[in-house]
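Here the structure comes first, spelled out in structure tokens, and everything after it is commentary.
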Amino acid sequence: NTTISHLLVIILSVHSLCAGISYGANKKLGTAIGLFIAIVCHKAFAAFALGLSFRQNAIRLRTAIPSILIFSVMTPFGCFIGLGTATVSTPVGARLFSMTFKGIAGGTFIYIALVEILLEEFEGKDDKAMKLLGFVLGSLGMGALGYI
């Protein structure tokens, strides 16, 4: 179903835009480094999931390239928006702006993970226990990384 792949492009692009805005609006070096690492690490997985969705739905490369380009430029575009907003706003306004878009980015990430990817993975009858174990271990690992 190509609709699912195109919906995934839209959701991942909004997520990437919000993450970029949050990163661009940030003014603290320590937070910026942490955000940069998080964005780079999970952008690769998001791109992999998007490519896999295109492949599973037999979308031709010529059709997928515009969507891939849109997805690719959203984070840098968001950085410019966030930087511009942080430059012209007060420190409190910039912080509120950054927090709002961090929340939107986190919410879209949770939506993508739970609704678009996990439901599809658990639909099949094979290896549900292993998939659940992988999900739990991955969640615990990511939670542990939050405290490092």
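Structure summary
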quantity: Phi to ³J(HN,Hα) by Karplus 6.51 cos²θ - 1.76 cosθ + 1.60 over region 123-139, Hz, x for Gly, Pro; calculated: 5, x, 8, 8, 6, 5, 5, 5, 5, 5, 4, x, 5, 5, 5, x, 5
quantity: For peptides 105-114, 10-19, sequence by mean Cβ density within 10 Å, most packed first; calculated: 10-19, 105-114
quantity: 0 to 90° range, to nearest 10: angle between helix 61-88 axis and the chain longest Cα axis; calculated: 20 degrees
quantity: Rounded percent of accessible protein surface that carbon and sulfur make up, region 95-148, 1.4 Å probe; calculated: 74 percent
quantity: Overall dimensions of region 96-148 as given by Cα atoms, namely Rg and Dmax in Å; calculated: 14.1, 45
quantity: Cα-based helix-to-principal-axis angle, 91-111 vs the chain, degrees rounded to 10; calculated: 0 degrees
quantity: Accessible surface, per residue, of the chain when the full set of protein chains is kept, probe 1.4 Å, Å²; calculated: 65 Å²
quantity: Descending Cα extents along the principal axes, region 1-113, whole Å; calculated: 48, 21, 19
quantity: Local electrostatic count at R95 - Lys and Arg +1, Asp and Glu -1, tallied over other residues with Cβ under 13 Å; calculated: +3
quantity: Mean Cα-pair separation over length for region 1-123, i.e. relative contact order, pairs under 8 Å, 6 or more apart, %; calculated: 49 percent
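The values are calculated or read from the model by the stated rules, or taken from the named source; none is laboratory data. All values reported here derive from a predicted model rather than from experimental measurement. Note: ideal-geometry Cβ built from the backbone for every residue, glycine included; neighbour counts use all protein chains shown. Remember, those area values only see protein heavy atoms, side chains included, never the ligands or the DNA or RNA. Shrake-Rupley method; radii C 1.70, N 1.55, O 1.52, S 1.80 Å.
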